[in-house]
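So the structure is just underneath, and the comments pick up after that.
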Amino acid sequence: MGIGKCISGEGDERMAGTMKTKTYSMSKFELDGRPALKEAVPLGLQHVLAMFVGNIVPMILVAGAANLSPAEANMLLQCCMIGAAISTAIQLYPVKAGSLKIGSGLPCMMGLTYVFLPACLSIAGSSGVAYIFGAQIAAGVVAASYGVLLKKMTNLFPPVVTGTIVMTVGVSIFNLAIGNIAGGTSSSDFGALINWGVGVFVVFVVLGFNVFGKGLPKVAAILIGMLAGYLVSIPLGLVDFSGIGDAVWFSVPRPFAFGVKFNLGHFFMFLLLYFIVAVQMIGDFNVSCMGGLDREPTPEEIGGGATANGISSVISAVFNSFPTATYSQNSGIVALTKVCSRHVIGVGCVILFIAGLCPKVGAVLSTIPNCVIGGGTVVVFAMIATSGMKLLAKAGFSNRNCLVIGVSLAFGLGTQFCKGASAQFPAGVAEMLEENSVILTSILAIILNLVFPKDSKAVSE
């Protein structure tokens, strides 16, 4: 009996220890927290809605440039959702291969990046979609090594540099939010008062719930605002349901459906673009960490994120999806709501994957008017810009730092706002500078920070 009790007690202790290791927090405000599905689903859906249009637009544009059939274009739209879901999952849940870490483990959402869009449009129009996937796979394999490179280069990204980059990311996409509020720049009713009315209504709903709400309504303010705007849009005739009936319920895209072809010039172009994306991701990681975790990302997280992006872009190409990157609007949601649970974004990832396999779901989500999306994202983009300001405040506003910040912003944002200013530059360079201010801002901020003498005293005005 004594022995039996001893064994039983020992077993209970072991079981208790096992049970202890399996316990986890249900807080949505912790990185490893696993809130109940009644909270995780709406919060995850909020992330999907914020990035959905941005994720499918590059595919729509490239499909048009390549003169693809409607069936082929629809397949690309499916694939871009599946590719984004796979890339997000790899980032959320890192794995280690020896000393190599794959994935950042940070609360971020991945999707198709606009950094590659000019190159993809050019290749699709002149050579075909197959050459995009060829360059994407070949350069993606090499880009997986960027993680190791960036991990060793973290000294190049102090708060004065990362803050400038993050602020640029936020400010440079204000026009996207306003363009959507106005109805979408390509729409026939662009700038119509009805679009502005709905968009501003969404903004006020988001602000109202975020400032005065409590609990789930507060952290799900963007979702509530967009749902309210959607419901208002229906009787106003802004929602087109025609595409829902034509969409099938289930479809599995075929891997390598468009083939793979290789061109050396395209390969080198994609190598550069992958590095630019890796640098831009540092800004998004900072937004998520500063806003949700109250810290800066570690070198291991930055390196793992860059490595994962190269690998996930290769996998995306297999499933007919283009290169991915972190989405600033989703990092902004983390900063705004303080909800940093990977589980929440993981649920959003599952929703996105299901949407990719079920065209009917994607068709429903695609009915959301641009003005509703714009109203939801304008607040998010504002939070991204202010996250950059927080990093700059941490660096201090000495005369030296102000020069680094000011000159970098002037050139970076100036070339984007002043279209045609770099028209005489080599082919491809002008498009890169004018379409993505983060590139030039990042380069200048890094160089100026290295060149200007360090000063220990930061004087705030």
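With hydrophobic (A, V, I, L, M, F, W, C) and assigned by TED's automatic domain parsing to the domain that holds residue 330 as the only criterion, which of 404, 364, 380 stands out? Quick ask: steps written out before the conclusion?
Details: 404 fails: assigned by TED's automatic domain parsing to the domain that holds residue 330; 380 fails: assigned by TED's automatic domain parsing to the domain that holds residue 330.
Of the residues listed, the single one that is hydrophobic (A, V, I, L, M, F, W, C) and assigned by TED's automatic domain parsing to the domain that holds residue 330 is 364.
Can you list the strands (runs of 3 or more DSSP E) lying wholly within the range 77-156 that have 2 or more residues being buried (at least 24 other Cβ atoms within 10 Å of the Cβ)? Step through it out loud before you land on a result.
Details: elements: 95-97, 100-102, 110-112.
Counting at least 2 such residues, we get 110-112.
Among the candidates 404, 378, 372, 364, which residue alone is in contact with a Leu (Cβ under 7 Å, 6 or more places away or on another chain) and either in a helix (DSSP H, G or I) or under 24 Å from residue 68 (Cβ atoms) (or both)? Lay out the reasoning, then the answer.
Details: 378 fails: in contact with a Leu (Cβ under 7 Å, 6 or more places away or on another chain); 372 fails: in contact with a Leu (Cβ under 7 Å, 6 or more places away or on another chain); 364 fails: in contact with a Leu (Cβ under 7 Å, 6 or more places away or on another chain).
On inspection, the qualifying residue turns out to be 404.
Looking at the range 249-256, is at least one residue touching a residue at least 24 places away in the same chain (Cβ under 8 Å) and in contact with a Pro (Cβ under 7 Å, 6 or more places away or on another chain)?
Looking through the range 249-256, at least one residue is touching a residue at least 24 places away in the same chain (Cβ under 8 Å) and in contact with a Pro (Cβ under 7 Å, 6 or more places away or on another chain).
With the structure loaded, tell me whether residue 318 is touching a Phe, Trp or Tyr at 6+ places or on another chain (Cβ under 8 Å) and touching a residue at least 60 places away in the same chain (Cβ under 8 Å) or whether it fails that test. Before you say what the answer is, go through the steps one by one.
Numbers: touching a Phe, Trp or Tyr at 6+ places or on another chain (Cβ under 8 Å): yes; touching a residue at least 60 places away in the same chain (Cβ under 8 Å): yes.
Against the criterion (touching a Phe, Trp or Tyr at 6+ places or on another chain (Cβ under 8 Å) and touching a residue at least 60 places away in the same chain (Cβ under 8 Å)), residue 318 qualifies.
Here are some residues: 382, 421, 325. Which one is more than 27 Å from residue 140 (Cβ to Cβ) and either under 19 Å from the mean Cα position of the chain (by Cα) or buried (at least 24 other Cβ atoms within 10 Å of the Cβ) (or both)?
Details: 421 fails: either under 19 Å from the mean Cα position of the chain (by Cα) or buried (at least 24 other Cβ atoms within 10 Å of the Cβ) (or both); 325 fails: more than 27 Å from residue 140 (Cβ to Cβ).
The conditions single out 382.
Give just the number: which of (1) modelled with pLDDT under 80; (2) among the charged types (D, E, K, R); (3) closer than 30 Å to residue 75 by Cα does residue 214 not satisfy?
Every listed condition holds for residue 214 apart from (3).
Going by what's in this entry, would residue 187 be described as surrounded by fewer than 24 Cβ atoms within 10 Å (Cβ to Cβ) and either without any contact (Cβ under 8 Å) to a residue 24 or more places away in the chain or in the same structural domain as residue 449 (by TED's automatic domain parsing) (or both)? Let's see the steps before the verdict.
Working: surrounded by fewer than 24 Cβ atoms within 10 Å (Cβ to Cβ): yes; either without any contact (Cβ under 8 Å) to a residue 24 or more places away in the chain or in the same structural domain as residue 449 (by TED's automatic domain parsing) (or both): no.
The answer is no for residue 187.
Residue-wise test of (1) aromatic (Phe, Trp, Tyr); (2) under 26 Å from residue 381 (Cα atoms); (3) assigned to a loop (DSSP other than H, G, I, E, B); (4) without any contact (Cβ under 8 Å) to a residue 12 or more places away in the chain.
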| site | (1), (2), (3), (4) |
| --- | --- |
| 258 | yes, no, yes, no |
| 271 | no, no, no, no |
| 280 | no, yes, no, no |
| 283 | no, yes, no, no |
| 290 | no, yes, no, no |
| 303 | no, yes, no, no |
| 306 | no, yes, no, no |
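Just wondering, is there one or more residues in the range 296-319 that are over 24 Å from residue 443 (Cβ atoms), surrounded by fewer than 24 Cβ atoms within 10 Å (Cβ to Cβ), touching a helix residue (DSSP H, G or I) at 6+ places or on another chain (Cβ under 6 Å) and not hydrophobic (A, V, I, L, M, F, W, C)?
For the range 296-319, residues over 24 Å from residue 443 (Cβ atoms), surrounded by fewer than 24 Cβ atoms within 10 Å (Cβ to Cβ), touching a helix residue (DSSP H, G or I) at 6+ places or on another chain (Cβ under 6 Å) and not hydrophobic (A, V, I, L, M, F, W, C): absent.
Out of the range 212-239, which residues are part of a loop (DSSP other than H, G, I, E, B), under 16 Å from residue 28 (Cα atoms) and among the aliphatic types (A, V, I, L, M)?
The first filter runs over the range 212-239 and keeps only residues part of a loop (DSSP other than H, G, I, E, B), leaving 213-215, 220, 234-239.
Now restrict to residues that are under 16 Å from residue 28 (Cα atoms): 214-215, 220.
Residue satisfying the conditions is 220 alone.
Okay, residues lined up against (1) at pLDDT 80 or above; (2) basic (Lys, Arg):
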position	(1), (2)
151	no, yes
172	no, no
208	yes, no
235	yes, no
245	no, no
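Among the residues of the range 434-461, which ones are at pLDDT 75 or above, part of a helix (DSSP H, G or I) and not hydrophobic (A, V, I, L, M, F, W, C)?
441, 442, 449
Would you check which residues across the range 73-107 are of a type in the set (Val, Ile, Thr) and either in contact (Cβ under 8 Å) with a residue 60 or more places away in the chain or touching a Leu at 6+ places or on another chain (Cβ under 9 Å) (or both) and list them? Even if it seems obvious, please write down each step before you answer.
To start, the set of residues in the range 73-107 that are of a type in the set (Val, Ile, Thr) comprises 82, 86, 88, 90, 95, 102.
82, 86, 88, 90, 102 - these are the residues of the range 73-107 that are of a type in the set (Val, Ile, Thr) and either in contact (Cβ under 8 Å) with a residue 60 or more places away in the chain or touching a Leu at 6+ places or on another chain (Cβ under 9 Å) (or both).
Of the residues in the range 318-358, how many are among the polar types (S, T, N, Q) and assigned to a loop (DSSP other than H, G, I, E, B)?
The first filter runs over the range 318-358 and keeps only residues among the polar types (S, T, N, Q), leaving 320-321, 324, 326, 328-331, 337, 341.
Still in the running and assigned to a loop (DSSP other than H, G, I, E, B): 320-321, 341.
Total meeting the criteria: 3.
The values are calculated or read from the model by the stated rules, or taken from the named source; none is laboratory data. None of the values given here were measured: they were computed from a predicted structure. Using ideal geometry, Cβ is built from the backbone for each residue, glycine included, and neighbour counts are taken over all protein chains shown.
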